[in-house]
Amino acid sequence: MIVVATNLTYFLAWGFLDPRNNYVGRRPPLSEEQVVQLLQPRNLSDTVPLLERWWSWFSAIIFGWDWGVSPVGQSVNDQVAYRMWVSAELVLGATILATVLGIALGVYTASRQYKIADRIGQATSIVTMNINIVVAALGIVLLAIGFNNMVGTTVFFVTGSSSLGVTGFFPIIIDALQHLILPTIALVIIGYAGTHFLQRSLLLDNINADYVRTARAKGLTKAQAIRKHALRTSLIPVATQVAFTIPTVFMGAILTESIFGWNGMGRYFLETIAKNDIHGTVAIAAFGAVLTAIGALLADIAVVVLDPRVRVS
Amino acid sequence: MTNALLSVRDLKVSFPSETGTVDAVRGISFDLEAGRTLGIVGESGSGKSVTSLAIMGLLDENVRVSGSITFDGQELLGKSDKQLSAIRGNGLAMIFQDPLSSLTPVFSIGDQLIEALTVHRKLSKRAAWARAVELLETVGLPNPEGRMKSFPHEFSGGMRQRVVIAIAMANKPKLIIADEPTTALDVTIQAQILDLIAKAQSETGAAVIMITHDMGVVAKTADDVLVMYAGKPVEKAPVHELFHRTRMPYSIGLLGAIPRVDKAEKQPLIPVKGNPPLLINLPDACPFATRCPIAIDACHTREPDLVSVDNDEVGEHKTACIRSHEITDGGLIDGHPVFPVPDIPERALAGVPREDRPVTLEVRNLTKTFPLMKGAFLKRKVGEVHAIRGISFDIREGETMAIVGESGCGKTTTLLQIMDLVEQVDGDILLGGTSVADVRGGHAERTLRRDIQIVFQDPMGALDPRMTVADIIAEPLRAIGTKKAGSETRVDELMDLVGLDPTHSNRFPSAFSGGQRQRIGIARALATSPKIVVLDEPVSALDVSIQAGVINLLDELKAKLGLSYLFVAHDLSVVRHIADRVAVMYLGAFVEHGSVDEIFEDPQHPYTQALLSAIPIPDPDVERTRERIVLSGDLASATDQVGGCSFASRCQLFKVLPPEKQARCLGEVPPLTGPENAHRNACHFR
Ligand SMILES: Nc1ncnc2c1ncn2[C@@H]1O[C@H](COP(=O)(O)OP(=O)(O)OP(=O)(O)O)[C@@H](O)[C@H]1O
Ligand code: SF4
Ligand code: SF4
Ligand SMILES: [Mg+2]
């Protein structure tokens, strides 16, 4: 799947991006020959047939794990190597947090259906779901700056993914968290509501299910019956859904990273597009696919843990 | 009164709703002693389930419950969920209607059963397991030890209901409430489950509340009966009193509306006209007054209380009717029946012998197999489901042919094959003499299709809620190209024919009750003036009092229009009433086929005998004294390709046969034998 998606992106990218455009309007203008001379060694010249280009790109990945170079000659491998971790940290962290928060809220509000807490929770989620990521991020930046000013020291960093010159295991972790916390909050805010609503409605369906009534008739209290019988069944579809939220979170991360000045994959994506960097774009797509696959795998594991019927068959 | 195990006094339950407060239960009182069974009957919506949930304390918090429920000396109303949970499942147990959904799908049977044990008492793992196995054995689950780790979806409905009963029995309760425990099950399974509940009762000495809409089940199980209507008990009596000295018009109507499987003469059923009232802002009047044929002015001024019937020696017979004392045994008032007996027009063809009537539908060696697929992603064929294994029959003009059998035996598949005019490989379907193999597509096929129409089981689901009734009825007309003007008069005509008011034709289906919707479905089927109407369980979703009206309508239409019906049902009482010929189907094949009276009076195949003996008869004297054959086991699977008689695994006759004869049952498929057109069966030894 990942391979197919990546190759597809390769061809799509060639349909939309043209490295040649980078040299349009240069002063002094470059001649056709010069452009080709610049691009050809980088396997980016459209004078070579597309299939041949594709093959040299693809074979380099298969045989040498070399993802190619950008139009200016930077190695994609180098770029991705460190950005990858930066983004993975953000995307996976935010997804897990948003899921946990969504499920928790879903359970909490469902067991208080139509009461005040449920209504507040629902209203809040409707609002956050519709907030634009840019607005959310900027709002958080402002709040954090306000907070920093108030306590007089920089608790939250609003730009970058780490500070220079920090050493020692714990200082590095603390520093990373200080940077991580704001963009993560931004992503969680826009991302949790979907899970919240799904969990809430599934649990409500299950609370009224006959088997929960049977459980109560056995002598479980309502709370026990819900926790033991309704929750388990309602978690299964939620777990499946989480895999599919990862691409969404990744899209959110693209903008978040730019706002918070992170040097991650998201920002890299914007840059590659702007610079007609086909190899970079494709590598990012592959990264997205890998993240989704990881999500799907995690979801599968969760389903197996939750649903013993799967284990039996 | 003090020795009562359960004492309910003036119980009232009301639900808040958008249109106003729904008074679902409006004052019900009764006492129940240990070891006795109280039957609560009534139509859907009469408050039976709400009463039981109120006793269990399983209603939502926003539901208003008042009155008093004393169980085992404790007042239950007002107790917290936590306090109640100590009683629920311990002293007080419940069996629910739908076994398919009442077990948690993600926990094993064993876990769910053990939970019922350990929630009330400390038990070691080993002891709990042993007790659970013992319980499964008590409820008759084969191989209980191995079944502990199974999940609910691996079980059939009947087996799941056994598990639910095992859970209910787990802590030797003093009271078992069974809310329609067999409604979702087939008759042969119903007989098993009712026996099992009786066994559970005798083993634990428990009292039982048996909630049902089936008068037959009441006659079979109850000691005392409470008839509910519009949230109130309208008649209460010991079971024999209730059936033989019925004093309340509604109960009389309920009993008169039931077709009897043990009565040969074809009297029309007596429907109760109208529908139960909505339970919002009920006026202070007898709630049955609008449907009661003997209502007088006084009935509309005050709601009658439940009081003792004057001439009652036992002193336990109570009714809520101001004219009860005028009613005499047999449902007579002033020498006339309370409910006037409707007359059904005599059929034009009644005098013509069967052989002289034209054949409208002939089916020869109909077969259908489904491939059995496995795997989620790449499906591969792992076997075949033999849904129909070669059946043949014919239907003559003005005749009703019924196919009966348990769920999954292939009834619906048969109908669908016929409706789709599916060309047969080694057989044929002939409509009015035309073979479906000869007409493919275009005009000829459309003409053929006009002659055969279908009415579905579910009156709610079968009608498009966004179409007006006129559109729904005119749909088949449009399909055959009738002009708009022509179809409008036809719609009015049809609505009148099925007993609906033609001025309501621009309303939507939601404005009609279940019985009326089924009439709409019938009108639609009649639109193209078909020769044959196929009915798939047309009345099984309806309450008896409504059902009777629809059955009478079908009878009437057959007489008026000379229709033929192909009727599929699992309710044999209805079949006995409506059919001329019957085929009993088991695992995709007919095991017995013949005229209705032959089959019901002289059932020959062991399966037919068991099926008939499983139906509870709404008469406690008959029901409690007759001999009964209770089949063991569930319906076998249609996947197995059997080399012998497919019924052998459950056959009661097989069990008593000598080994050499048993070998024949297992080794040779019994064909349908016997006089053609009269009475044939597929058993080697009958
Ligand atoms: N589409 C299908 N694919 C595989 N098997 C099927 C399919 N439809 C029906 N069957 C099988 O064919 C058999 C006959 O089914 P059918 O629906 O005709 O039963 P029925 O007598 O109408 O049952 P019920 O009374 O529950 O409606 C069953 O074993 C069923 O599981
Ligand atoms: S009180 Fe009147 S309306 Fe009600 S059942 Fe009796 S006779 Fe009929
Ligand atoms: S053939 Fe044998 S198994 Fe089949 S019904 Fe007859 S006696 Fe029973
Ligand atoms: Mg069916």
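The values are calculated or read from the model by the stated rules, or taken from the named source; none is laboratory data. For clarity, every value in this text was computed on a predicted model and none was experimentally measured. Every residue, glycine among them, receives a Cβ derived from its backbone with ideal geometry; neighbour counts consider all protein chains shown.
Considering only the range B:361-457, give the strands (runs of 3 or more DSSP E) lying wholly within it that have at least 3 residues that are surrounded by fewer than 18 Cβ atoms within 10 Å (Cβ to Cβ) and in the same structural domain as B:Ala569 (by TED's automatic domain parsing).
Values: elements: B:380-396, B:400-404, B:428-431, B:452-455.
Those strands (runs of 3 or more DSSP E) span B:380-396.
When you check B:Glu598 against the structure, is it away from ligand 4 (no atom under 16 Å from the Cβ) and more than 25 Å from B:Pro268 (Cβ to Cβ), yes or no?
no
Which helices (runs of 4 or more DSSP H) sit wholly inside the range A:187-296 and have at least 2 residues that are within 14 Å of chain B (Cβ to nearest Cβ) and modelled with pLDDT of 85 or more?
Of the helices (runs of 4 or more DSSP H) lying wholly inside the range A:187-296, those with at least 2 residues that are within 14 Å of chain B (Cβ to nearest Cβ) and modelled with pLDDT of 85 or more span A:210-218, A:222-225, A:231-260.
Within the range B:265-290, count every residue that is within 13 Å of B:Gly231 (Cα to Cα) and either among the hydrophobic types (A, V, I, L, M, F, W, C) or in the same structural domain as B:Leu553 (by TED's automatic domain parsing) (or both).
Of the residues in the range B:265-290, 6 are within 13 Å of B:Gly231 (Cα to Cα) and either among the hydrophobic types (A, V, I, L, M, F, W, C) or in the same structural domain as B:Leu553 (by TED's automatic domain parsing) (or both).
Only residues in the range B:381-394 that are within 14 Å of chain A (Cβ to nearest Cβ) count as the first member; pair them with residues that are away from ligand 4 (no atom under 16 Å from the Cβ), Cβ under 9 angstrom, at least 6 apart or cross-chain, and list the lot.
Taking only residues 6 or more apart or on different chains, the pairs are B:Val382/B:Pro371; B:Val382/B:Leu372; B:Val382/B:Met373; B:Val382/B:Lys374; B:Val382/B:Gly375.
Quick grid of which residues meet (1) more than 12 Å from ligand 2 (Cβ to nearest atom); (2) free of Cβ contacts under 8 Å to residues at least 40 places away in the same chain; (3) under 17 Å from B:Gly47 (Cβ atoms); (4) part of a strand (DSSP E or B):
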{"position": "B:His240", "(1), (2), (3), (4)": "yes, no, no, no"}
{"position": "B:Tyr250", "(1), (2), (3), (4)": "no, no, yes, no"}
{"position": "B:Arg260", "(1), (2), (3), (4)": "yes, no, no, no"}
{"position": "B:Ala264", "(1), (2), (3), (4)": "yes, no, no, no"}
{"position": "B:Pro283", "(1), (2), (3), (4)": "yes, yes, no, no"}
{"position": "B:Cys292", "(1), (2), (3), (4)": "no, no, no, no"}
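Condition (residue is in contact (Cβ under 8 Å) with a residue 12 or more places away in the chain and closer than 25 Å to A:Ala136 by Cβ) applied to the range A:226-241: is it met by at least one residue? Don't jump to the end; show me each part of the working.
Residues of the range A:226-241 that are in contact (Cβ under 8 Å) with a residue 12 or more places away in the chain, as a first pass: A:226, A:228-241.
Checking which are closer than 25 Å to A:Ala136 by Cβ leaves us with A:238, A:241.
Yes - at least one qualifying residue is present in the range A:226-241.
Hey, does the range B:245-253 have a residue that's surrounded by fewer than 22 Cβ atoms within 10 Å (Cβ to Cβ) and outside the structural domain of B:Asp602 (by TED's automatic domain parsing)?
Within the range B:245-253 (the criterion being surrounded by fewer than 22 Cβ atoms within 10 Å (Cβ to Cβ) and outside the structural domain of B:Asp602 (by TED's automatic domain parsing)), the answer is yes, since at least one residue qualifies.
Give the residue, chosen from A:Ile172, A:Ile181, that is touching a Phe, Trp or Tyr at 6+ places or on another chain (Cβ under 8 Å), surrounded by fewer than 21 Cβ atoms within 10 Å (Cβ to Cβ) and hydrophobic (A, V, I, L, M, F, W, C).
Values: A:Ile172 fails: touching a Phe, Trp or Tyr at 6+ places or on another chain (Cβ under 8 Å).
Criteria check complete, one pass: A:Ile181.
Give the range A:269-284 a look and list any residue that's over 19 Å from A:Val24 (Cβ atoms) and surrounded by fewer than 18 Cβ atoms within 10 Å (Cβ to Cβ), or say none.
The answer is A:Leu270, and nothing else.
For the range B:457-495, what are the residues that are within 16 Å of ligand 1 (Cβ to nearest atom) and at pLDDT 85 or above?
none
Which one of these is more than 16 Å from ligand 2 (Cβ to nearest atom), β-branched (Val, Ile, Thr) and in contact with a Lys or Arg (Cβ under 7 Å, 6 or more places away or on another chain): B:Val469, B:Val404?
Details: B:Val404 fails: in contact with a Lys or Arg (Cβ under 7 Å, 6 or more places away or on another chain).
Sole residue among the options that is more than 16 Å from ligand 2 (Cβ to nearest atom), β-branched (Val, Ile, Thr) and in contact with a Lys or Arg (Cβ under 7 Å, 6 or more places away or on another chain): B:Val469.
Within the range B:148-171, which residues are within 13 Å of chain A (Cβ to nearest Cβ) and either among the charged types (D, E, K, R) or surrounded by 24 or more Cβ atoms within 10 Å (Cβ to Cβ) (or both)?
B:Lys149, B:Glu154, B:Arg160, B:Gln161, B:Val163, B:Val164, B:Ile165, B:Ala166, B:Ile167, B:Ala168, B:Met169, B:Ala170
Can you pull out every residue in the range A:6-35 that is surrounded by fewer than 16 Cβ atoms within 10 Å (Cβ to Cβ) and part of a helix (DSSP H, G or I)?
A:Leu8, A:Phe11, A:Leu12, A:Gly15, A:Phe16, A:Asn21, A:Glu32, A:Glu33, A:Gln34
State all residues of the range A:60-103 that are surrounded by fewer than 19 Cβ atoms within 10 Å (Cβ to Cβ) and not in a helix (DSSP H, G or I); if no residue qualifies, say none.
A:Trp65, A:Asp66, A:Val72, A:Gly73, A:Gln74, A:Ser75
Pairs only if they're at least six apart or on different chains, beta carbon under 8 angstrom, first in the range B:322-334 and over 17 Å from B:Leu254 (Cα atoms), second within 12 Å of ligand 2 (Cβ to nearest atom) and part of a strand (DSSP E or B); list them, first residue then second.
Taking only residues 6 or more apart or on different chains, the pairs are B:Arg323/B:Ile333; B:Glu326/B:Ile333.
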